[in-house]
Each structure stands twice: as structure tokens, then as C-alpha cells.
Protein chains: 2
Amino acid sequence: MSGAGLAAAGEAVDIAMIEAAAARLAGHARRTPLLSSPFLDEIAGRRVLVKPECLQHTGSFKFRGAWSALSALDPQARARGVIAYSSGNHAQGVAYAARLLGAPAVIVMPADAPRMKIDNTRALGAEVVLYDRANFESREEIGARIAAERGLTLVKPYDAPLVIAGQASTGLEIAEQAAQAGVTRADVLACCGGGGLSAGIALALEARAPGLRLRTVEPEGFDYTARSLASGRRERNAAEAGGLCDAILTPEPGALTFPILRRLAGPGLAVSEAEVLRAMALAFSRLKLVAEPGGAVALAAALFRAREIEGEAVIVTISGGNVDAETFARALALG
Amino acid sequence: MSGAGLAAAGEAVDIAMIEAAAARLAGHARRTPLLSSPFLDEIAGRRVLVKPECLQHTGSFKFRGAWSALSALDPQARARGVIAYSSGNHAQGVAYAARLLGAPAVIVMPADAPRMKIDNTRALGAEVVLYDRANFESREEIGARIAAERGLTLVKPYDAPLVIAGQASTGLEIAEQAAQAGVTRADVLACCGGGGLSAGIALALEARAPGLRLRTVEPEGFDYTARSLASGRRERNAAEAGGLCDAILTPEPGALTFPILRRLAGPGLAVSEAEVLRAMALAFSRLKLVAEPGGAVALAAALFRAREIEGEAVIVTISGGNVDAETFARALALG
């Protein structure tokens with residue numbers, strides 16, 4: 001995170017910063033429940049506990065990081081406004097947090113992002129600036145330029161301490177809710193793009209539930225985090241877009257998030273698109289939840305990659321539910 | 001509720017019985033959250049707070065009443081087992097509660113009930129006895145006969161004090177959660193079939209949130225509760241089955257539930273099937289929830305019958321999410 005006015009922007013994320021973010025989020029972000037189904041347990045061969053962040057404000061965990069960052073701004077910076085670049089979920093999270101906090105928001109989105117996500121971001125009160133992915137300017141460059149011109153604070157989607165600390169509040173809740181469910185040793189599977197959610201959860205678990213181990217899950221072909229964890233250095237994806245799980249595709253692991261994952265995460269997992277669609281259908285029939293493709297990869301791994309997971313229980317995040325009706329109907333037809 | 005072993009079966013439901021049921025449910029039923037979306041608020045022209053009982057165990061509020069009744073059985077009666085008749089949601093609720101409590105369960109279901117509901121009930125460990133709706137024996141008669149033959153305790157779907165007290169725990173949670181959200185005066189819309197959920201919520205609100213008023217919502221053409229509330233006596237539906245909202249169709253208001261509703265409920269509401277399908281589509285896109293048709297009637301009334309509702313906020317239950325993929329895809333295509 002760069003730009004004026006963001007406190008603690010350069011600090012490493014620690015449990016104190018995470019607890020402070022959780023305190024700012026209290027009463028504003030939803031405390032999502034921990035769900036389960038005997039039918040899913042049977043498929044997975046172990047208890048499956050599901051943290052449905054699709055039920056979070058704006059339909060994904062991204063609201064947590066956005067609120068964490070924006071609520072930490074000093075009043076002058078908040079009044080000038082914020083800017084973010086995102087293909088969807090981070091955009092909506094920042095737009096809604098900004099609206100609730102009375103801050104102007106500019107969101108830089110690819111012109112070919114799903115129509116619904118662009119419309120939702122506008123409807124939440126943000127100014128949307130569209131860019132052509134094929135253009136010479138990257139979204140990072142466009143964001144930095146507009147931020148400088150208008151004095152806006154840039155809220156990065158994952159490589160920002162306050163954003164990671166906000167996503168980490170999911171991990172604090174998992175630690176408490178898993179203990180209440182009698183689970184103290186298990187893999188915790190998180191849908192992974194830039195790694196903000198994964199790194200945040202890993203840090204929270206390290207401090208509050210050391211028997212729970214974070215593992216990343218990605219779509220096959222876009223599993224740079226798994227490959228980076230295996231090689232020990234930040235590997236890149238061959239493709240930057242395309243594929244079913246658009247919400248969690250980024251070119252490489254984050255500069256801040258990857259060192260956290262390298263230190264704390266277990267081996268990364270990857271699932272096929274067919275497995276993602278089946279997981280979406282089972283979230284529909286067994287949990288009554290709408291999961292977007294990128295938000296269903298962790299559930300898919302719990303259900304269909306059971307032999308790659310250890311322990312008598314597994315905890316999974318459903319990271320978002322912003323999926324169009326056509327894609328969802330396709331998942332139901334196949335599932 | 002009849003049969004041996006059910007404590008308090010003849011008593012009127014009061015707040016002490018409701019609090020006792022809630023205490024038995026604690027740690028077993030889910031405390032569902034209270035959700036919202038700025039997009040739904042905009043459609044309704046007021047705040048819309050949604051209690052998603054589709055997230056309850058077995059996908060509907062029915063688990064609450066089933067657990068309330070079964071957990072109150074003495075050990076001998078529980079060991080002999082229970083019997084219930086239901087086209088779906090009560091069946092699954094009783095089957096799962098029985099499995100968790102180690103009681104055998106027999107469920108009498110119509111042979112033409114949705115396949116998924118029959119399969120789920122069996123998969124939850126219950127013995128399913130199918131009957132032909134056109135047969136001379138009613139489900140009540142079949143249930144009573146098998147109960148007598150095998151010494152089973154009959155768990156009626158709504159006209160039973162312990163079942164009403166269990167469903168009423170939904171109302172206790174609404175009272176607390178609405179107060180936390182700053183809402184103390186509002187209509188509370190409940191999807192209404194036999195009236196167990198509606199009557200239970202009405203009793204809980206009377207005791208714990210007297211500024212909140214229960215109102216029933218039914219499908220048009222099956223709105224006997226609304227007509228009965230208007231006339232002051234129990235009116236019957238012309239048809240007993242057919243229509244989109246199969247889960248909440250019963251021939252007339254309950255003998256125990258109707259007097260409670262006549263004393264406490266506001267005017268009944270009714271919605272069209274087209275409105276139900278649109279509400280299901282909006283629950284999908286704005287709340288990331290799967291609502292079944294009968295479970296979406298209250299949300300439909302909040303969104304599309306706003307002029308028939310009073311106050312700055314409205315609270316709605318989504319009573320269940322047990323819908324097949326084809327019906328759901330149809331709602332998404334129309335919505």
C-alpha cells in the first residue's frame with residue numbers, strides 16, 4: 001500500500017496488527033458461521049467445516065481487508081478518497097467500505113471484467129475507470145497515476161499489511177470456531193490468488209491455533225503458489241487471464257504474502273475446473289450456498305483431493321459467491 | 001403430538017417452554033446470522049434483514065422443532081423411536097435429529113415427493129414408508145397406525161407444542177439480532193404452511209421484542225392463513241398440492257397454531273409464483289443463498305409487496321433451501 005495517510009503501511013503484519021484490524025471490523029464485517037453437512041463429510045471421508053465468506057458483505061472476504069485499510073486512514077486522507085484496481089471482488093469490497101465510511105472511491109477495472117461486477121461496483125457509489133488489458137499501461141500504472149493526480153490513497157488488493165491484517169480476521173474466527181467444534185488439528189484450505197487471505201489466515205492460526213495448518217488451493221494451470229512453495233521462489237503463471245476461476249488469477253505470488261506462506265503454509269493444492277464445478281453444485285445442494293468458481297477451489301480440494309490432505313477434519317474457506325447465473329447453471333447441470 | 005413419552009405434549013406453548021427448547025438446541029441447531037444487502041434495501045425501499053434458515057441443519061428451520069421434540073423424549077421412548085409424516089423438510093429434520101440422538105426414525109412420505117428429499121431422508125438413516133396420495137388412507141392415519149404397532153412417538157410437523165417451541169427459537173434469535181441491528185419496530189415476515197414457524201416466532205416476539213410484529217406470507221391460491229386471519233376462522237385451501245411452493249402447502253391452518261396467529265399476527269400476505277422466482281434469483285445474486293420456492297415467499301413479499309408493509313425496516317425468514325437444480329435454474333433464468 002502506498003500513497004499518503006495510511007498508517008502502518010510499511011510494517012510487517014503481526015498478531016497485534018491483526019487483533020487491531022479485527023477490533024475495527026467488529027460490528028461492520030460479518031462474523032460468518034462455520035457450516036457442515038454429513039453428505040460432504042461422507043464424500044471427503046472426514047469432517048468438512050466450511051467458512052462461507054460468500055456471505056460476507058459484497059459477497060467475498062475482500063470487504064474485510066478493504067474495511068481494515070480504509071478505517072485506519074486519517075480523516076484528511078479518507079476525505080480525499082481511495083483508489084483500487086481489481087477485476088471484481090476487491091473492487092466491490094473497497095467501494096462498499098468507502099461508501100460506509102464516507103470516502104470517495106475510484107476503481108480501475110479491466111473493460112472485459114464481468115458486467116455484473118462493474119455494475120455492482122458503480123451501484124455501490126464508486127467511480128469506475130475501465131482499462132484495456134491489451135493496452136501498454138498496466139492497471140498498477142494507471143492506479144498510481146490517478147492516485148498521484150488526485151491525492152488518493154491506493155489500496156492494493158493483497159500486498160498491503162493492513163489488507164492482509166483485515167483478511168486475517170477470517171483466521172481468528174476460524175481458530176475460535178474450530179475449537180468450539182472440537183477441532184484443534186487440521187489443514188485449513190484457502191482459495192489463493194495473490195495470497196492475502198491465505199497469508200492472513202496463516203498468521204492468525206500461527207498465533208491462535210498452532211495445530212491448524214494453512215494450505216493454499218489454486219486452479220490447475222494457475223498454481224504458481226503451489227509451485228513457488230515447492231521451489232522456494234516466486235514462480236509466475238504462464239497465462240494471466242482466462243479459465244473459469246477469474247477472481248483468483250494474478251501473475252505471481254505477492255512480495256509480502258509469499259514469504260509468509262513460505263514460512264507457514266503446507267504444500268499447495270490444485271484442482272481441475274471439473275472438480276470446481278462439482279464443488280459448486282455440492283455447495284448448492286448440501287450447504288445452500290452460492291460459491292463462485294474461484295471461491296470453490298478449496299472445497300473442491302477437500303472433497304476430491306482427500307488423499308492429499310491429512311487429519312480427521314478439514315476446514316475450507318468459500319472465498320466468494322459473485323458468479324453470474326449462466327456459469328452457476330452450468331455448474332448445477334454438470335454437478 | 002401424541003404417543004407415549006413426550007413430556008409437555010398437552011401444554012400450551014409459553015416463553016418458558018420456548019426458552020427451554022432454545023437451551024436444548026444450544027450447540028446443536030445453528031444460530032443463523034441476520035444478513036442484508038444494499039441492493040435489496042433499494043428494491044424494497046426500506047432496510048431488509050434476512051434470517052436464512054436455509055443454512056440450518058438439513059437446509060430448513062424444521063431441524064429446530066425436530067430437535068426440540070426428540071431431545072425432550074425420555075430415554076425409553078427415544079430408544080423405541082419416532083415417526084413423522086412429511087413431504088420433505090420436516091422429514092429430513094426429524095431424520096437427522098433422530099440420527100444425532102441415536103433414535104430410530106420412520107418417515108411417511110408421499111410417493112411423488114421430490115426424489116431428492118426422499119433420498120436425503122433415507123441417507124440420513126431413516127426408514128422411509130411411501131404412500132400414495134390418492135389412496136384411501138391419509139398420511140395421518142398411516143402414521144398413527146405404524147406408531148401404535150411399533151410403539152413409536154409421533155412427531156407432528158406443526159401442531160405440537162414442543163415443535164412450535166423449537167421453531168420459536170428462530171424468533172428469540174431474531175429479537176436479539178434485530179436489536180443489535182438497531183431495529184425494534186418492524187414487521188417480521190415468515191413463510192407459512194401449517195404455521196409452526198410463524199406461531200413460534202410470534203410467541204417469541206411477544207415476549208422478547210413486542211415492537212416486532214409477525215406476519216405470515218403464502219403463495220397466491222394457497223393463502224388460507226391470510227383468509228383465515230381475515231375471517232377469524234380456519235379456512236381451507238381448495239387444492240392440497242400442486243404449485244411451485246410444495247414445501248409449505250397444507251390443507252388448513254393448524255389447530256394449535258391458528259389461535260396463536262389470530263391473537264398475535266398482523267394481516268397475512270400472499271405473493272405470486274413469478275414474484276417467488278424473482279426473489280429466489282435475488283437471494284442468489286445479492287445474498288449468495290439458495291432459497292427453495294416455499295422458502296422465498298417472505299422475501300418476495302418484502303421486495304415486491306412493499307406497500308402492504310409498514311415501517312422503516314422489514315425482517316424476513318428464508319425458511320428453507322431444499323430445491324432441485326432444475327427449478328433453481330428456472331428461477332435464475334427468469335430473475
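Descriptive notes on the structure:
- Matching residues, segment B:286-306, being more than 22 Å from B:GLN56 (Cβ to Cβ) and either in contact with a His (Cβ under 9 Å, 6 or more places away or on another chain) or of a type in the set (Gly, Ala, Ser) (or both): B:ALA306
- Residues being modelled with pLDDT of 95 or more and under 18 Å from the mean Cα position of the chain (by Cα) - total across segment B:295-335: 15
- Taking (1) of a type outside the set (A, V, I, L, M); (2) farther than 20 Å from A:GLY59 by Cβ; (3) not in a loop (DSSP other than H, G, I, E, B) in turn, A:GLY166 satisfies each apart from (2).
- Residue that is touching a residue at least 12 places away in the same chain (Cβ under 8 Å) and touching a Ser or Thr at 6+ places or on another chain (Cβ under 7 Å), where the choices are B:VAL128, B:VAL155: B:VAL128
- When A:ASN135 is tested against (1) under 23 Å from A:LEU197 (Cα atoms); (2) exposed (fewer than 13 other Cβ atoms within 10 Å of the Cβ); (3) over 20 Å from the mean Cα position of the chain (by Cα), exactly one condition is not met: (1).
- Selection of segment A:226-239 for residues being in contact (Cβ under 8 Å) with a residue 24 or more places away in the chain and farther than 15 Å from A:ALA301 by Cα yields A:ARG227, A:SER228, A:LEU229, A:ALA230, A:GLY232, A:ARG234.
- Per the listing A:ALA12, A:ALA22, the residue uniquely more than 12 Å from every other protein chain (Cβ to nearest Cβ), outside any helix (DSSP H, G or I) and not aromatic (Phe, Trp, Tyr) is A:ALA12.
- Positions within segment A:46-63 being β-branched (Val, Ile, Thr) and under 13 Å from A:GLN92 (Cβ atoms), in sequence order: A:THR58
- Just one of the listed residues (B:GLY182, B:GLY194, B:GLY243, B:GLY200) is outside the structural domain of B:MET116 (by TED's automatic domain parsing), in contact (Cβ under 8 Å) with a residue 60 or more places away in the chain and part of a loop (DSSP other than H, G, I, E, B), namely B:GLY194.
- Filtering segment B:169-199 to residues that are polar (S, T, N, Q) and under 17 Å from A:GLY27 (Cα atoms) leaves B:GLN177, B:GLN180.
- Yes/no for B:LEU154 being within 14 Å of chain A (Cβ to nearest Cβ), under 22 Å from the mean Cα position of the chain (by Cα), among the aliphatic types (A, V, I, L, M) and surrounded by 19 or more Cβ atoms within 10 Å (Cβ to Cβ): no
- Selection status of A:ARG215, within 16 Å of the chain's Cα centre (by Cα) and either under 26 Å from A:LEU334 (Cβ atoms) or buried (at least 22 other Cβ atoms within 10 Å of the Cβ) (or both): yes
- Hey, A:ARG64 more than 13 Å from chain B (Cβ to nearest Cβ), in contact with a helix residue (DSSP H, G or I) (Cβ under 8 Å, 6 or more places away or on another chain), outside any strand (DSSP E or B) and under 25 Å from A:VAL129 (Cα atoms) or not: yes
- Single unsatisfied condition, B:GLY232 versus (1) modelled with pLDDT under 95; (2) touching an Asp or Glu at 6+ places or on another chain (Cβ under 6 Å); (3) not hydrophobic (A, V, I, L, M, F, W, C): (2)
- Evaluation of A:ARG286 against (1) within 11 Å of chain B (Cβ to nearest Cβ); (2) in a loop (DSSP other than H, G, I, E, B); (3) in contact (Cβ under 8 Å) with a residue 60 or more places away in the chain (one fails), failing number: (2)
- Note on segment A:44-55: residues that are within 12 Å of another protein chain (Cβ to nearest Cβ) and either assigned to a helix (DSSP H, G or I) or more than 20 Å from the chain's Cα centre (by Cα) (or both) amount to 3.
- Residue check: B:ARG330 meets all listed conditions (1) over 26 Å from B:PHE63 (Cα atoms); (2) out of contact with any helix residue (DSSP H, G or I) (no Cβ under 8 Å at 6 or more places or on another chain); (3) not aliphatic (A, V, I, L, M) but one, namely (2).
- Conditions (1) under 24 Å from B:ALA20 (Cβ atoms); (2) of a type outside the set (Lys, Arg); (3) free of Cβ contacts under 8 Å to residues at least 40 places away in the same chain; (4) not in a helix (DSSP H, G or I): number failed by B:ALA84: (3)
- Qualifying residue in segment B:124-139 (condition: touching a strand residue (DSSP E or B) at 6+ places or on another chain (Cβ under 9 Å), part of a helix (DSSP H, G or I) and more than 19 Å from B:GLN56 (Cα to Cα)): yes
For every residue, the table says whether it meets (1) within 14 Å of chain A (Cβ to nearest Cβ); (2) of a type in the set (D, E, K, R); (3) not in a helix (DSSP H, G or I).
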{"position": "B:PHE258", "(1), (2), (3)": "no, no, no"}
{"position": "B:ARG278", "(1), (2), (3)": "yes, yes, no"}
{"position": "B:LEU282", "(1), (2), (3)": "yes, no, no"}
{"position": "B:GLY294", "(1), (2), (3)": "yes, no, no"}
{"position": "B:VAL314", "(1), (2), (3)": "no, no, yes"}
{"position": "B:THR327", "(1), (2), (3)": "yes, no, no"}
{"position": "B:LEU332", "(1), (2), (3)": "yes, no, no"}
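- There is at least one residue in segment B:29-42 that is over 24 Å from B:ALA306 (Cβ atoms), within 12 Å of chain A (Cβ to nearest Cβ) and buried (at least 24 other Cβ atoms within 10 Å of the Cβ).
- Figure legend. Inter-residue proximity from segment A:9-28: first residues under 13 Å from A:GLY65 (Cβ atoms), second residues at pLDDT below 95, beta-carbon distance below 7 Å, spacing 6+ or different chains. Indicated pairs: A:MET17/A:ALA8; A:MET17/A:GLU11.
The values are calculated or read from the model by the stated rules, or taken from the named source; none is laboratory data. If you're wondering where the values come from, they're calculated on a predicted model, not measured in any experiment. Methodologically, a virtual Cβ is constructed for each residue, glycine included, from the backbone with ideal geometry; neighbour enumeration extends over all protein chains shown.
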